[in-house]
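Nothing in this text is a laboratory measurement; each read-out follows from the coordinates by a stated rule. No experiment lies behind these values; they were computed from the predicted model shown. Please note: Cβ atoms are built from the backbone with ideal geometry, for glycine as well, and neighbour counts cover all protein chains shown.
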Amino acid sequence: MNTQKKIDALNEVLTYAKTSPYYSKRIQIPPLDSLNDLKIIPLTTKAELREQSPFGLLPNSSMSLSQYHESSGTTGTPVSVWYSKSDLDEIAQGITSCGVNFCEQDLVLIRFPYALSTISHFMHRSVQLQGGCVIPADSRTTVTPMPKVIDLMKRLNITVLTCISLQAIMLAEMAEILGLEPKRDFPFLRAICTAGEPITPYRRELIEDIWGVPVFDNYGMTEVGTAMVDCHLKKLHMFEDCFHVEILKDDLVTDVQPGEAGNLVITTLRKRATPMIRYSTGDIVQEINSACACGKGRSFVIRGRKENILSINSVTFDLYELEKIIAPLPARRFWSAGKFNNSLYLFIEKESITDTISREYVDKLMEIYGVSISIILLNKGTLYDRDDEVSFGMKAKPRYFMTDQETANLLNEIKTN
Ligand SMILES: [Zn+2]
């Protein structure tokens, strides 16, 4: 979309959004004369969305609502998001540009939660739009514990598994517990589609290694739905006609330098049932401005949640940095990181009882990063409980970053055992 078209689309959306109780007080413009004018409008934060839920963001229009979702997050007060039929169609259509290319021969097992969350429903709709068949296996429910999912995958000759990336690793582990070899015993599986948490290149490689099929990622959130999907070259492209993005420095005012990672702020360019104007997502994102060989132009890298960073003597470790450290190790599947006495502690579950970490490797890391680092191998099951077949003990979203107190407790536990 060229700049003038985008300004026109924004003016239309702002006029529309202004008819909602929430935005009526915040939007003094349009018309915008430039994209920069948009910055006059204050950012929309998650806290404000919470306050305005369930109806405060709905514009005064005749648009009929089709679907309701909410995310509760840590505070427990939900954020409400409504979708119209055309919103849902638009998102399902956007997902068709994913490099996985769902087709009529596909049997797609959806292992995302269906209750109130969005991605399962969007994926479901998009698979069917492309002629594929959906197996709605859901997630974190006693109806389909992990052994049941493995049974479905095997018995139905599932061709595509869709789940958060950690779940793909858990399911592989469950297949192994059941005496199966992921790479060998699922000959019909041709791809895995992930969403719901950032996937680093290291984790993608790990999952592709374990299952022997390509992994395609999908980025979105309850508030705006799916916003980006991987092309066949596994680069994340945004639905450029649907969203305008800004990437801001930590002051949440200044744009980052091109290519620099920053805070993603997103504005919907279509008349959504729940318009999002300058929504501060809390995700750290990097724009790759060079054209992708797939022909789609710029792509994005999702670095993770802003709060998921460990900072030790001003050296920062995010998901990328940590998984880069883990990548060459013999155990890479299940890990957790924390800080204690100004040291980085990386706890990793052993994959085999003979796994070890070489002293030289840790010394080399400390030289590179200039901080004290310990890598501790734990017995299988310490971080994720394999006896819990519903979720391996994972209560909500995956958590890789422990609080200082949790780190201290785990260190204590290891010492006493
Ligand atoms: Zn591409």
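One table, with the values for the structure above:
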| quantity | calculated |
| --- | --- |
| Check on Glu367, among the acidic types (Asp, Glu), outside any strand (DSSP E or B) and under 20 Å from Ile210 (Cβ atoms) | no |
| Residue among Ile199, Ile177, Ile210, Ile192 that alone is buried (at least 23 other Cβ atoms within 10 Å of the Cβ), more than 27 Å from Glu104 (Cβ to Cβ) and not basic (Lys, Arg) | Ile199 |
| Residue that is surrounded by the fewest Cβ atoms within 10 Å (Cβ to Cβ), among those in region 284-314 that are more than 13 Å from the ligand (Cβ to nearest atom) and among the β-branched types (Val, Ile, Thr) | Ile309 |
| From the options Thr118, Thr144, residue that is over 26 Å from Tyr202 (Cα atoms), surrounded by fewer than 22 Cβ atoms within 10 Å (Cβ to Cβ) and among the polar types (S, T, N, Q) | Thr144 |
| Residue that is away from the ligand (no atom under 16 Å from the Cβ), within 30 Å of Ile40 (Cα to Cα), polar (S, T, N, Q) and out of contact with any Leu (no Cβ under 7 Å at 6 or more places or on another chain), where the choices are Thr254, Thr194, Thr222 | Thr222 |
| Candidates Asp404, Asp387, filtered to the one that is within 27 Å of the chain's Cα centre (by Cα) and without any contact (Cβ under 8 Å) to a residue 12 or more places away in the chain | Asp387 |
| Strands (runs of 3 or more DSSP E) wholly inside region 230-327 containing at least 1 residues that are out of contact with any Lys or Arg (no Cβ under 7 Å at 6 or more places or on another chain), of a type outside the set (Lys, Arg) and under 25 Å from Val79 (Cβ atoms) | 236-238, 243-248, 262-268, 279-292, 297-305 |
| Region 2-46, residues that are among the hydrophobic types (A, V, I, L, M, F, W, C) and surrounded by fewer than 13 Cβ atoms within 10 Å (Cβ to Cβ) | Ile40 |
| Tally, over region 238-266, of residues that are under 18 Å from the mean Cα position of the chain (by Cα) and of a type in the set (Val, Ile, Thr) | 4 |
| Members of region 230-242 that are surrounded by fewer than 20 Cβ atoms within 10 Å (Cβ to Cβ) and away from the ligand (no atom under 11 Å from the Cβ) | Glu240, Asp241 |
| Candidates Leu107, Leu129 - the one that is closer than 30 Å to Lys296 by Cα and touching a Leu at 6+ places or on another chain (Cβ under 8 Å) | Leu107 |
| Residue that is nearest to the ligand (Cβ to nearest atom), among those in region 78-105 that are crowded, with 21+ Cβ neighbours inside 10 Å and part of a loop (DSSP other than H, G, I, E, B) | Cys98 |
| Contacts under 8 angstrom Cβ, first residue in region 228-240 being on the phi > 0 side of the Ramachandran plot, partner more than 8 Å from the ligand (Cβ to nearest atom) and part of a strand (DSSP E or B), 6 or more apart | Lys234/Val215; Lys234/Phe216; Lys234/Asp217 |
| Residue match in region 136-150 (condition: touching a strand residue (DSSP E or B) at 6+ places or on another chain (Cβ under 6 Å) and over 30 Å from Gln286 (Cα atoms)) | yes |
| Selection status of Tyr384, touching a helix residue (DSSP H, G or I) at 6+ places or on another chain (Cβ under 9 Å) and either in a loop (DSSP other than H, G, I, E, B) or within 21 Å of Lys395 (Cα to Cα) (or both) | yes |
| Some residue of region 355-368 being over 30 Å from Lys18 (Cβ atoms) and in contact with a Gly (Cβ under 7 Å, 6 or more places away or on another chain) | no |
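Yes or no, residue by residue, for (1) of a type in the set (Ser, Thr, Tyr); (2) surrounded by fewer than 14 Cβ atoms within 10 Å (Cβ to Cβ):
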position	(1), (2)
Thr316	yes, yes
Ile325	no, no
Phe334	no, no
Asp363	no, yes
